[in-house]
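Here's the structure we're looking at; comments come further down.
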Amino acid sequence: MPNLDAAFSALADPTRRAILARLALGETTVMELAEPFEMTQPAISRHLKVLEGAGLILRRVEGTKRPCRLAPAAVNEIDQWLAMLRQALSANYNRLDDVLAAMKTEE
Amino acid sequence: MSKMTLKTEGDTHVVVTRHFAAAPEAVYRAHTEPALIQKWLLGPDGWTMPVCINEARPGGKIRYEWTNGEGAGFYVTGEFLELVPFSRLVHVERMHMPDATPDNHVETTFAPDGTGTLMTMRMTLPDAATRAAMLSTGMEHGMEASYVRLETTLDASPALNH
């Protein structure tokens, strides 16, 4: 099981969420990750260390490279994102119910 | 009571459905008239939409700006592609945070459902990574309240404020 506090902190950073989104497409090397984010490899490596510590990614050794991929816990996190979006949208639509009720009264 | 459904479909779609106890005309108007939109399309408590441009005609512009009154904010721009009063809206939109996200193509339909309306919103993102990034943004807003509570323990990265 991943450390929940560590996962929460890890996901508080937009770059780290973007890295997870990229890894959702498949295993990637640090070099491939650094390019679209316009960040140095050491900066990306620091983010990866946080994600790894939180149990969200797995890394293996392949020569001098250490390709990374999503851990099962991260897949669950992405499901969590859906739940959060659901919550935010629900709040909007509950407000819309009130707006519609007020429109009816005005008729 | 959970009246809303939200699910992913294939690699690039997100589909939301919701029933409303009002006629399709009223629900459609609440999606196209700025004075009405500003009352509900707000996200977490405390956020407002001071700027709401919604030119409900083909090619018409959309611009929504949100703020939490404490310096944080972001905006969405878009264009209408197709409108069928009071049953169908098709538009594209992108979020600016401040960099623009890839276009989200959104088809919203309003169908009579008993005495009310069934709204179905079908979003199409360019690829799986963009969809995952969009979902994570939803998480960010859903987590606002938690952030306030936990902010002292979070890494106050300057990147979060830009």
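Every number in this text was worked out from the coordinates using simple rules, so none of it is lab data. Owing to the predicted nature of the structure, the values given are computational and were not obtained by experimental measurement. Positions of Cβ are generated from backbone atoms using ideal geometry, with glycine treated the same way; all protein chains shown enter the neighbour counts.
Each part gets one Cα centre, and for the stretch A:29-107 versus the stretch B:47-94 those centres are 24 Å apart. Amide H contacts under 5 Å for B:G60: B:F80, restricted to partners 5 or more places along the chain or on a different chain, H placed in the peptide plane at 1.01 Å from N. The calculated FRET efficiency for B:E33 paired with B:H13, based on their beta-carbon distance and R0 = 30 Å, is about 0.65.
For B:M95, nonlocal amide neighbours, meaning residues 5 or more places apart or on other chains whose placed amide H falls under 5 Å from its own, are B:T101.
For a straight C-alpha distance cut-off of 17 angstrom, the lysines reachable from A:K65 (same-chain residues fewer than eight places away being disregarded) are A:K49.
Across peptide B:22-29, the average count of Cβ atoms from other chains found within 10 Å of a residue's Cβ is 3.
Using only the Cα atoms of the stretch A:4-106, build the gyration tensor, take square roots of its eigenvalues as a ≥ b ≥ c, and label the shape rounded, prolate or oblate: rounded if a/c is under 1.5, else prolate if a/b is larger than b/c, else oblate. Judged from the Cα gyration tensor, the stretch A:4-106 comes out prolate (a/c at least 1.5, a/b above b/c). Computed from backbone phi with θ = phi - 60° and the Karplus coefficients 6.51, -1.76 and 1.60, the 3J(HN,Hα) list for the stretch A:68-73 is 10, 9, 5, 8, x, 4 Hz; x is used for glycine and proline.
Take each residue of peptide A:51-63, count the partner chain Cβ atoms within 10 Å of its Cβ, and average: the result is 0. Counting only lysines at least 8 places from B:K3 when in the same chain, those with an alpha carbon closer than 21 Å to its own are A:K104, B:K39. Peptide B:60-66 has a mean shielding of 0, counted as Cβ atoms of other protein chains within 10 Å of each residue's Cβ.
The stretch between B:R63 and B:R88, if pulled fully straight at 0.36 nm per residue, gains 7.1 nm over its current Cα-Cα span.
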